Structure formats: C-alpha cells, structure tokens
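The values are calculated or read from the model by the stated rules, or taken from the named source; none is laboratory data. Source: prediction; values computed, not measured. Every residue, glycine among them, receives a Cβ derived from its backbone with ideal geometry; neighbour counts consider all protein chains shown.
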Amino acid sequence: MSDDAPDTRTDVDRTPPAVAVVDAQSPGNVGTIARAMKNFGFEDLLLVDPPELDPDGEAYGFAGHAREDVLPDADEITFDHLAENYHTIGCTAVTNEDDRSHTRFPYSTPAALAERLPTVEGPTALVFGRERVGLTNEELARIDEICSIPASAEYPVLNLGQAATVTLYELRSLTLEETQLPDLERVRAPEQTIDRLYDQWAALLEEINHPAEKRDKTMRMLRRVYGRADLTEREATTLVGLLRRATDRPAEN
C-alpha cells in the first residue's frame, strides 16, 4: 500500500454488541434483559427458542420503556445462525480452572471486556443461557470466548436477568457517551485554608494537653487523612470553625 492510499480503518462506526438469550424459560427474564439493555444503551436483542412474548404478558410488563423498541424489535434466530454470523461471548458462572479443558477456559470478566471490545471491529454477541443450567457444554464448545462475573465462590450463580444486567452495566462504556449523572469535579481547598485547619488542630491539641511528645506524630496522621480527603474550601472552613469552638470552650470554662 502506498503512503497516499486511504486508510479505510479510520472513523469506523463500531456496532455495540448484540445481546442473545438462548432458550429462556421465563418471559419475565426476557423483559428484564430488554430493560437492562435500554438502561445501558444496547439495542439489538437476539432470541433463540424464546418463550411466547405476549404484549399483555410479563415480558412486556418487566421491560419498562424497552417495551417500545428493544423488545418488539427483537430478532428470533437459531443457535446455528448466532454461532456462524457473530463473534460470540458466552456468559457462564461455572468456569474451568486451567487449560486442561477449554470448554469454559480461558475466561474474561465483563470489566476486562469493557477495556478490549472498543478496539474490536466486527459483529459481536453477548450470549446468555437458560435460567437453571445456563449454556450447555455443547453450546459453549461453539462459542468463541467465555465471560464470567466475579462472585462468591460459595454461590457464584446469578439469576439470568441479574447476570445480564451486571454484564451490560460493566459494558456501558461501549454504548453510552454520557449518563444522567453529572460530572463530579472536586475543587481542593486552597493551601492557605488547609494550613489554617492544621494550625487550629495544633491549637486544640495544646489546649487539651495532648502529650507533647505525641503531637508531631498526631499532626502527621491528620495531614495524611485530610490529604486523602481532598477537602473543598467550604468543608475545610467548616472544620476550622468547629475546631476553633472546641479550642475556645476549655478557656470559657
């Protein structure tokens, strides 16, 4: 390729992963997953052997605003079509521990996928299985990679709707440029105000007869605590006022 040839890889419009649900038994779980997709910006719902989704039933009842688009726009497909046309990421709670078996190993966490998938171009599907048994070993053998949510070793199995919600939450950076939460910008108090706070603490320690040999160590500890806290000016000023009152009270008595 010459230096003047156009780079067709730039400005690629990467499509967020589709969400595939295999053989769900409960219409309510399908509705719950559709709602989670709506919450976190996912749009493409694929259903393999789904239960009947009655517009007046629990699937639509559980879907919230996703009843308007995500759920009615879902595509019913076969597992063969899913495996042949998508890079598939199978979600399972039960994994193999090492490379002696590749059916459920290696695996990624949703957080790790969130770091890697933004740079991957191509149709991808997150695949969730049945409520009781998840995806079978035969299905997982046809899946391209495995994802598992870190959970208690004593009880790692999540409800289908919960597992999808947690996974989509972790992957929300693939779909949402912003959320309803405002950007939190903390402005640290000026050093002069923080120094007044330390001076007031020193005055209080002296007033209450804190052991002189311990004051330097105590002040270092306070400096570390407040240093990690990134106090705002209002917070620091309020604390200075409280400490001043505490320092003056012994004198008043």
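Within the stretch 12-27, is there a residue that is basic (K, R) and modelled with pLDDT under 95? Yes, that holds for at least one residue. The selection criterion, being assigned by TED's automatic domain parsing to the domain that holds L126, under 17 Å from the mean Cα position of the chain (by Cα) and over 21 Å from R244 (Cα atoms), holds for T167.
When the stretch 137-162 is filtered for residues that are out of contact with any Ser or Thr (no Cβ under 8 Å at 6 or more places or on another chain) and exposed (fewer than 13 other Cβ atoms within 10 Å of the Cβ), the ones remaining, listed by number, are E138, S152, A153, E154, Y155, N159.
Quick check: is even one residue across the stretch 55-65 of a type outside the set (F, W, Y), surrounded by 18 or more Cβ atoms within 10 Å (Cβ to Cβ), in contact with a Lys or Arg (Cβ under 9 Å, 6 or more places away or on another chain) and modelled with pLDDT of 95 or more? Within the stretch 55-65, one or more residues are of a type outside the set (F, W, Y), surrounded by 18 or more Cβ atoms within 10 Å (Cβ to Cβ), in contact with a Lys or Arg (Cβ under 9 Å, 6 or more places away or on another chain) and modelled with pLDDT of 95 or more.
Can we say H65 is in contact with a strand residue (DSSP E or B) (Cβ under 8 Å, 6 or more places away or on another chain) and at negative phi? No: the conditions fail for H65.
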